[in-house]
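The values are calculated or read from the model by the stated rules, or taken from the named source; none is laboratory data. Quick caveat, the model's predicted, so the values are computed rather than measured. When we count neighbours, we look across all protein chains shown, and the Cβ atoms used for this are built from the backbone with ideal geometry, even at glycine.
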Amino acid sequence: MQLKPIAQQVVAVVGASSGIGRETALQFANRGASVVVSARSQSGWSH
C-alpha cells in the first residue's frame, strides 16, 4: 500500500489537549498535515 506524503494527509487526533495526544498533533502539524483535534478539555491550546 502506497501512502500519500504527510503534507497531503488529514490526521485526526483524539485526546489532543495534553500529553502524547498533544505532542502527536503538534508533530503532524509541524510536518504539514491537516490536523483535526478532539479533547475533553480546552487547556493547552491557544491557536
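I need every pair where a residue in the range 16-31 that is at negative phi has its Cβ under 9 Å from the Cβ of a residue that is surrounded by 17 or more Cβ atoms within 10 Å (Cβ to Cβ) and of a type in the set (S, T, N, Q), sequence separation at least 6 or different chains.
Pairs found: ALA16/THR24.
What is the residue count in the range 7-41 for residues that are modelled with pLDDT of 95 or more, assigned to a loop (DSSP other than H, G, I, E, B) and small (Gly, Ala, Ser)?
2
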